[in-house]
Structures are given as C-alpha cells and as structure tokens.
1. Assuming Ala81 fulfils every condition listed in (1) modelled with pLDDT of 95 or more; (2) out of contact with any Ser or Thr (no Cβ under 8 Å at 6 or more places or on another chain) apart from one, which condition is it?
2. Could you check segment 32-73 and list, in sequence order, the residues that are touching a helix residue (DSSP H, G or I) at 6+ places or on another chain (Cβ under 8 Å), surrounded by fewer than 19 Cβ atoms within 10 Å (Cβ to Cβ), outside any helix (DSSP H, G or I) and in contact (Cβ under 8 Å) with a residue 24 or more places away in the chain?
3. Can you find even one residue in segment 93-103 that is open to solvent by less than 40 Å² (accessible area, probe 1.4 Å) and assigned to a helix (DSSP H, G or I)?
4. Looking only at segment 7-26, decide whether some residue is out of contact with any strand residue (DSSP E or B) (no Cβ under 8 Å at 6 or more places or on another chain) and within 16 Å of Ile92 (Cα to Cα).
5. Of all residues in segment 85-103 being touching a helix residue (DSSP H, G or I) at 6+ places or on another chain (Cβ under 6 Å) and touching a residue at least 24 places away in the same chain (Cβ under 8 Å), which is farthest from Ala41 (Cα to Cα)?
6. So which of Ala15, Ala41, Ala37 ends up being touching an Asp or Glu at 6+ places or on another chain (Cβ under 7 Å) and on the phi < 0 side of the Ramachandran plot?
7. What pairs come up if the first residue lies in segment 11-31 and is farther than 20 Å from Gly46 by Cβ, the second is open to solvent by 40 Å² or more (accessible area, probe 1.4 Å) and at pLDDT below 95, and their beta carbons are under 6 Å apart, counting only those six or more places apart or on different chains?
Amino acid sequence: MTVPWQETEDGIRIAVRVTPRASRDAFAAGTADHFSARLAAPPVDGAANAALLELAARTFGVPKRDVVLTSGETSRLKRLAIAGDASALAAIAATFYGASHDG
C-alpha cells in the first residue's frame with residue numbers, strides 16, 4: 001500500500017495538499033500521495049503555512065518547533081518533516097487511513 005508518509009531516522013516526512021480559506025482547520029486522509037489539510041487562514045504572507053505547521057503539530061502531538069516545511073512554500077502541495085519517534089508518528093499517520101504501515 002502506498003502512503004503519504006515516510007519514516008526517517010529522526011521522525012517522518014509527509015505530503016499534504018492544503019485548501020486555504022476553509023471554514024475551519026482540519027487534517028484528514030487525502031489520497032495515496034498526500035494528506036488533506038483544510039485551513040481557515042488565507043494564503044497571504046505565510047499565514048496558511050503557519051496554520052499548517054500548527055495544525056500538524058497539534059495532530060501529531062509534537063511541539064511546533066518539531067514541524068518544518070521542507071518544500072512547497074507557495075504551492076498547495078507541501079512536504080513537512082516532523083521530528084520525533086518515527087514509529088509513533090507513523091502510527092498516528094496510519095490512523096487517518098485505517099491501516100498500519102511498517103515504514
């Protein structure tokens with residue numbers, strides 16, 4: 001099964017497709033290639049990126065400083081690195097897809 005996350009030595013990397021100006025913030029399963037994030041923030045002056053980092057930190061239970069935008073700063077498709085226990089983070093990611101993943 002293809003999944004939108006990959007375990008790394010210091011956490012996981014995820015792909016996220018962002019929809020700004022939504023009615024509320026929400027993180028959900030997307031496709032086999034990316035998660036889906038709906039953000040209330042507009043895509044102006046980095047507001048949506050900041051909201052995404054905060055939402056990802058809250059979703060994965062890590063401090064905001066442990067979530068880094070690695071690519072897609074001005075794109076809807078973004079890649080994030082989330083630092084922490086890779087197995088635990090992957091288990092959280094898997095809950096959105098209703099399946100386990102062994103990395």
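The values are calculated or read from the model by the stated rules, or taken from the named source; none is laboratory data. Here the structure is a predicted model, which means the values were calculated and not measured. Using ideal geometry, Cβ is built from the backbone for each residue, glycine included, and neighbour counts are taken over all protein chains shown. Surface areas here come from the heavy atoms of the whole protein model, side chains and all, with no ligands, DNA or RNA. Shrake-Rupley method; radii C 1.70, N 1.55, O 1.52, S 1.80 Å.
1. With (1) modelled with pLDDT of 95 or more; (2) out of contact with any Ser or Thr (no Cβ under 8 Å at 6 or more places or on another chain) applied to Ala81, the lone miss is (2).
2. Across segment 32-73, the qualifying residues are Gly61, Glu73.
3. Yes - at least one qualifying residue is present in segment 93-103.
4. Checked segment 7-26: at least one residue is out of contact with any strand residue (DSSP E or B) (no Cβ under 8 Å at 6 or more places or on another chain) and within 16 Å of Ile92 (Cα to Cα).
5. Per the criteria, the residue is His101.
6. When all the criteria are applied, what remains is Ala15.
7. The qualifying pairs are Ala29/Phe96; Ala29/Tyr97.
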